[in-house]
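Below is one structure, written out as structure tokens; comments come after it.
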Amino acid sequence: MSEIFSKVSQIKDKIISEMSSVKDEASLKEFQEKHLSKKSELSQLMSEIKNLANEEKAKFGQCMNEARAAVNEAFQKKAQEINDALIAQKLKRETIDITLPGYNYKMGGINPFYLVQDEIIDTFVSMGYEVKEGPDVESDYYNFERMNIPANHPAREMQDSFYINPTTLLRTHTSPEQARAMDEKGGKPLMMICPGKCFRRDDDDVTHSHQFGQIEGLVVGKGITLANLKGTLELFIRKMFGEKREVRFRGSYFPFTEPSVEVDVTCMNCGGKGCPTCKGTGYIEILGAGMVHPNVLKMSGYDPKVYSGFAFGVGIERVAMLRYGIDDIRKIYQGDVRFIEQFSRK
Ligand code: DAH
């Protein structure tokens, strides 16, 4: 009766080889109906059992079970493959692009006032200067008296300001920070700069505003001379304006320095020919400077016979205007995006 056994084996192999033509859900279903139902060729063979001798029956049953299990296993494997392929296809078809384009944030610019202020601070810090801060609301005492400008001194006229009360005002310059720095140092040598806002009743032309920025500088020590002042300022100006710009030192007067100078750079508007921006002079003043007046040293507890020093006050907007060719100081304050954007870090 080994015939029937080999028949089972043949049918099983045939069914399994047919499996290779199953490629999709439909043919899988067809295959299932054809080969895994009660009416399948394989199941039909079961009816042969009655023709077998008793001792063969159990063996035949086992053989049939193994064949069915093999077909079933092959079917399950195929079904899994087809299902996986379907899922993969579906995933591919339904892919969502989760990478939204980012928001295009508008990059602002840096106001040229701060670009210049930072650069000036960097320049002096690299030379070893300390950076100080002083109050915007200042006493008459520091703003004027300590700067050798007593009450009724004509120099007060040029620095008319906004008074909070008769002895307190919005500081007219950063120079009072010289006195504050010397008070703090208690008679020892010092090198400092102090950036800050200043206020004056002053808006009569395109290079003046009622509020403006200055950077004060002060060096006090033994043997400090005008040569030190000139060398320091020349280095600073060359750094800000390069080699080509013409710079001139001009004798001047400030009550808190002796001798005093003003430093001018050729006008950004006319290049030195003379125009309304530079009031026809071809130059724009950027700073006042001088050797610290003996009275200022004395009031701060320094003996002028032992100590000397130089000081300077740089107008930040003036430097920005010259540096970037800005023809009207008000542009720096108006916050017009078209203006500021030109100074974008991009
Ligand atoms: N404080 C002066 C002003 O605002 C500028 C100035 C001149 C400052 C000479 C100084 C200096 O330190 O030595 O007009």
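Identify the residue in the stretch 241-281 that is within 14 Å of the ligand (Cβ to nearest atom) and hydroxyl-bearing (Ser, Thr, Tyr) and, among all such residues, is surrounded by the most Cβ atoms within 10 Å (Cβ to Cβ). Among them, the one singled out is 257.
Identification of strands (runs of 3 or more DSSP E) wholly contained in the stretch 116-182 with 2 or more residues that are away from the ligand (no atom under 14 Å from the Cβ) and open to solvent by 60 Å² or more (accessible area, probe 1.4 Å) yields 163-165.
Answer yes or no: is there a residue in the stretch 325-337 that is open to solvent by 30 Å² or more (accessible area, probe 1.4 Å), more than 15 Å from the ligand (Cβ to nearest atom) and in contact with a Phe, Trp or Tyr (Cβ under 8 Å, 6 or more places away or on another chain). The answer is yes; a qualifying residue exists. If you go through the stretch 282-324, how many residues are at pLDDT below 95, more than 13 Å from the ligand (Cβ to nearest atom) and open to solvent by 50 Å² or more (accessible area, probe 1.4 Å)? Count: 2.
Whenever a residue of the stretch 321-346 is outside any helix (DSSP H, G or I), its partners that are of a type in the set (D, E, K, R) and surrounded by 12 or more Cβ atoms within 10 Å (Cβ to Cβ), lying with C-beta atoms within less than 9 angstrom and at least six residues away or across chains, give the pairs 326/317; 333/317. When residues in the stretch 231-269 are screened for being over 15 Å from residue 292 (Cβ atoms), outside any loop (DSSP other than H, G, I, E, B) and under 41 Å from the mean Cα position of the chain (by Cα), 18 of them pass. A count restricted to the stretch 272-318 and to residues that are assigned to a strand (DSSP E or B), touching a residue at least 60 places away in the same chain (Cβ under 8 Å) and either among the aliphatic types (A, V, I, L, M) or over 14 Å from residue 216 (Cα atoms) (or both) stands at 7.
Here's the yes/no breakdown for (1) within 26 Å of residue 154 (Cβ to Cβ); (2) in contact with a strand residue (DSSP E or B) (Cβ under 6 Å, 6 or more places away or on another chain); (3) β-branched (Val, Ile, Thr):
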site: 294; (1), (2), (3): yes, no, no
site: 316; (1), (2), (3): no, yes, yes
site: 319; (1), (2), (3): no, yes, yes
site: 328; (1), (2), (3): no, no, no
site: 334; (1), (2), (3): no, no, no
site: 340; (1), (2), (3): no, yes, yes
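Give the residue, chosen from 79, 70, that is over 18 Å from residue 25 (Cβ atoms), surrounded by 13 or more Cβ atoms within 10 Å (Cβ to Cβ) and modelled with pLDDT of 90 or more.
70
Looking across the stretch 183-206, the residues that are in contact (Cβ under 8 Å) with a residue 60 or more places away in the chain and surrounded by fewer than 19 Cβ atoms within 10 Å (Cβ to Cβ) come down to 183, 186, 187, 189, 191, 197, 205, 206.
The values are calculated or read from the model by the stated rules, or taken from the named source; none is laboratory data. Small disclaimer: the values here were computed from a predicted structure and weren't measured. So basically every Cβ, Gly included, is an ideal-geometry build from the backbone, and we count neighbours across all protein chains shown. All accessible areas refer to the heavy atoms of the entire protein, side chains included, with ligands and DNA or RNA removed. Shrake-Rupley method; radii C 1.70, N 1.55, O 1.52, S 1.80 Å.
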